[in-house]
Amino acid sequence: MFYAVDRLEGELAVLVDDEENTSTVERALLPEGVVQGDVLRLEEGRYQRDGEETARRRERIRRLEQLLRGE
């Protein structure tokens, strides 16, 4: 399952999973340098950044924005 970083609030992070459930976790449990929009996977009890999935989702959003602008 993937978790998108919805927002960072001080020492906490709000994650949204593939089923659109939200959870709040301590920022210290996430990989260093995580930013809003990053996609994570939970492996062996640890969150890992998934760069490939993050890039795929950002590209999809970019294309949707272009479509909405009529480009």
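Of everything in segment 34-59 that is at pLDDT 95 or above and assigned to a loop (DSSP other than H, G, I, E, B), the residue that is most open to solvent (accessible area, probe 1.4 Å) is Gln36. What number of residues within segment 7-33 are over 13 Å from Tyr47 (Cβ atoms) and not in a strand (DSSP E or B)? Count: 6. Counting only residues that are open to solvent by less than 90 Å² (accessible area, probe 1.4 Å) and of a type outside the set (A, V, I, L, M), which one in segment 1-23 is farthest from Glu52 (Cα to Cα)? Out of the qualifying residues, it is Gly10.
The values are calculated or read from the model by the stated rules, or taken from the named source; none is laboratory data. Quantities reported herein were computed from a predicted structural model and do not represent experimental measurements. In this analysis, Cβ positions are derived from the backbone assuming ideal geometry, glycine residues included, and neighbour counts consider all displayed protein chains. The protein model used for the area step is the full one, side chains on, heavy atoms only, and it has no ligands, DNA or RNA in it. Shrake-Rupley method; radii C 1.70, N 1.55, O 1.52, S 1.80 Å.
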